[in-house]
Structure formats: C-alpha cells, structure tokens
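First comes the structure, then the notes that go with it.
The values are calculated or read from the model by the stated rules, or taken from the named source; none is laboratory data. All of these numbers come straight from a predicted model, not from anything done at the bench. Cβ placement follows ideal geometry from the backbone for every residue including glycine, while neighbour counts extend to all protein chains displayed. Remember, those area values only see protein heavy atoms, side chains included, never the ligands or the DNA or RNA. Shrake-Rupley method; radii C 1.70, N 1.55, O 1.52, S 1.80 Å.
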Amino acid sequence: MGFGTTEPWLLMREFLREAGGCAVIDGGLATELEANGADLNDPLWSAKCLINSPHLIRKVHLDYLEAGANVLITASYQATIQGFQSKGISKEESEDLLRKSVEIACEARDVFQKEYSKDSHNVEDNEATYKQHPILVAASIGSYGAFLADGSEYSGDYGEAVTLETLKDFHRRRLQVLADAGADLIAFETIPNKIEAQAYAELVEENNTKIPAWFSFNSKDGVNVVSGDSLIECASIANSCKRVVAVGINCTPPRFIHGLILSIQKVTDKPILVYPNSGERYDADKKEWVLSTGVSDEDFVSYVSIWRDAGASLIGGCCRTTPNTIRAISRALHEEYDVPQTSVP
C-alpha cells in the first residue's frame, strides 16, 4: 500500500484501518545489524552497511516484517550526502546509496509478501493476508546532529552558527532524493529542537514533496524536546504542515511516553506515533549505551496498551529494541490478550 498525492491524511487513516486500527513500527536497526555481525564503529553508523553489507540490512528488515511490523524504516538515518562525501564517495554515488536504502526496504517487503502468498491457497486468502498485514516503507531522515556524530542529536545544541537556512541547505537534496526513491513516506526522526522542525516543514512545502511525512521528536524529561524547546510548539509546527500525516516521539525512555502523547494531543488530531528506545541512556562521550538503565522486553511491552488507550496509533521501538520486542508489541495490539499493566506516574 502506498500514499498518493491527494489527501494523504485520509490514506494514513485507511492504512491504520487495514492494520486493525493500530500499526506496528519496526525496531532498532543498528542493534540488529551488530547482532548479525556488522561493525558499526564509524561516523556513518548503520549507513556503513549500505556500502559493504546491504544483505544484512535486508535480513533485519525481513526479521521485523516476520515479527509483525507494518512500517519499515530505511537504513538512511545516518546516511547523508555530506557524510558519504567525507569518506571520499562522490555526490552521485552518495545519492545512489540513499536510493539503495529505500530499494532494500522495498525489496524486503516484496520478498515477505511473496512468501506470504505462497502460504495462501487462493486469491481471496492472498487479499485477506495483505489487508491484515499492510506494509509501508518510511525513508528515514536523521537530524543534523546525527550527521555530526557528536551526540548533539540528544541535546539539540547546534550552536549559534547553525541557522534555519543552514539546516535547510543541509537537508534539501537528501530529502529530494529520498522522496523520489520509491518510499511511501518520509520519516523525520529524533528531531531535537524547534528550528530543525521548522526547517523540515518549510522544505516539505517549498519542494512540494511528492510523498507525505511524519515528524518524530525526542525527549529526555517527558515534557520538552531534548533541546529544552516546548514539545507542544514543536508538535504545532508539524500539525500545521499539510504533508505531515503523523506526529510523535521516538528514541525516548518508555516511562515518559504516556505524558508526551497527552501533550501532543493538545495540538493535533493527526495520528500519533511512538517508538521509544529500550530506556537505556546514551553516553555521547563514550559513544555507547549504558546497559544498566534499560527495561526488559516484558516491561517495555507492558506499556503498549496504555499508549494505545492514550491515543497512539502507530507503535514500535527505537534503539536497542529487537524483533522480539516488535513481536510482543504486535501480539499485544492485535491478539487481544491481557497485557500486564504498568502504572503511569
């Protein structure tokens, strides 16, 4: 299922209806790439695999689809033309790598759907299967801070030299390439501050971007985005952009999500998406996750019904979550068995 150019918000509502009222977003990519043997000790991070091990990306996408994901997020979060060029890769080759991130995800979707159809005995079964498991490909665009690879995506502090125009110039061509690569929507992820949200909103309008987008912010206090800017102001920017079909939160500890959903609801009627991290803290100086601060899959999934009841309609996982996490989320959302309740502070 893809989005057209007319009334994209209606098509998102239809996608959610086909998914059973609440869709499942995939989980952490880098975590799984490393588990499958990838070495991501590089400023390009997961985007490094676009160059030397695309087969691992495809495998991880398939693992998440088999776990129940309805939305695949491409391996382009850390993939920027500027970042590739810093490695001696030409502009043309850099743009090809961006396109490749979308192609790999689309290929995984095709493979998964063909395998599903083999298990069905007639056309009606096939059609029912697709309706039960619609799949969208979301082309990921990480923040300017992600390109810097200095932890500023978790602080939103870019310094006074970085202006609105700086950010628009940085993201413009990358957005154009990914929007034309065959994805269903653009996922602006881990947005750390108001100025970058404004840059994205203006770029989407100025470029008349062909596919819709979602805006997803991150928070470390459960009130504001990580820079300290008001989440409500940031969500309002997303809400005012006609091409934005969902607004939400990612890469944020699970314990903060419920309150953040309620805040976003104050300023938008658009679908709300949440895909928290495992609750672990990222140490930007050491460039590693602090293991002792996370929650188990069981504890993570115990929040799912709370988030759904609060108004979230797309739910998944971010850093350090796995196909096991996503499988449990899918079951919690679609099999209607009792999920242990976690009290909300």
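Could you tell me which of the residues Ala199, Ala213 is under 23 Å from Pro8 (Cα atoms) and within 18 Å of the chain's Cα centre (by Cα)?
Numbers: Ala199 fails: within 18 Å of the chain's Cα centre (by Cα).
Within the list Ala199, Ala213, the selection yields Ala213.
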| message | Being closer than 20 Å to Ala23 by Cβ and open to solvent by 20 Å² or more (accessible area, probe 1.4 Å) is the filter here; which residues of the stretch 222-241 pass it? | response | Asn239
| note | Exception for Ser219 within (1) assigned to a loop (DSSP other than H, G, I, E, B); (2) open to solvent by 10 Å² or more (accessible area, probe 1.4 Å); (3) polar (S, T, N, Q) falls at (2)
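Among the residues of the stretch 20-33 satisfying the criterion of being surrounded by fewer than 24 Cβ atoms within 10 Å (Cβ to Cβ) and not polar (S, T, N, Q), which is farthest from Val274 (Cα to Cα)?
Of the residues in the stretch 20-33, the ones surrounded by fewer than 24 Cβ atoms within 10 Å (Cβ to Cβ) are 20-22, 30-33.
From what is left, the residues that are not polar (S, T, N, Q) are 20-22, 30, 32-33.
Values: Gly20: 17, Gly21: 15, Cys22: 11, Ala30: 18, Glu32: 20, Leu33: 22 Å.
Checked the stretch 20-33; the qualifying residue farthest from Val274 (Cα to Cα) is Leu33.
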| query | Given the conditions (1) free of Cβ contacts under 8 Å to residues at least 60 places away in the same chain; (2) charged (D, E, K, R); (3) assigned to a strand (DSSP E or B), which single one is not true for Glu189? | reply | (1)
| field | Selection within the stretch 145-174 - buried (at least 21 other Cβ atoms within 10 Å of the Cβ) and in a helix (DSSP H, G or I) | value | Gly145, Ala146, Phe147, Ser152, Glu153, Tyr154, Leu167, His171, Arg174
| request: Run Val177 past the list (1) closer than 14 Å to Ser140 by Cβ; (2) not in a helix (DSSP H, G or I) and report the number of the one that doesn't hold. | output: (2)
| query | Quick check: anything in the stretch 242-256 open to solvent by 50 Å² or more (accessible area, probe 1.4 Å) and farther than 19 Å from Thr80 by Cβ? | reply | yes
| request: Would you check if Glu196 is among the acidic types (Asp, Glu), touching a Lys or Arg at 6+ places or on another chain (Cβ under 7 Å), under 19 Å from Val267 (Cα atoms) and not in a loop (DSSP other than H, G, I, E, B)? | output: no
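Looking at the stretch 299-316, which of its residues are over 19 Å from Pro134 (Cβ atoms) and touching a strand residue (DSSP E or B) at 6+ places or on another chain (Cβ under 8 Å)? Show your work before the answer.
Going residue by residue through the stretch 299-316, those that are over 19 Å from Pro134 (Cβ atoms) are 299-307, 309-311.
Val304, Trp307, Gly311, listed by residue number.
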| Quick one: would you say Ala183 is surrounded by fewer than 24 Cβ atoms within 10 Å (Cβ to Cβ), in a loop (DSSP other than H, G, I, E, B) and either free of Cβ contacts under 8 Å to residues at least 12 places away in the same chain or in contact with a helix residue (DSSP H, G or I) (Cβ under 9 Å, 6 or more places away or on another chain) (or both)? | no
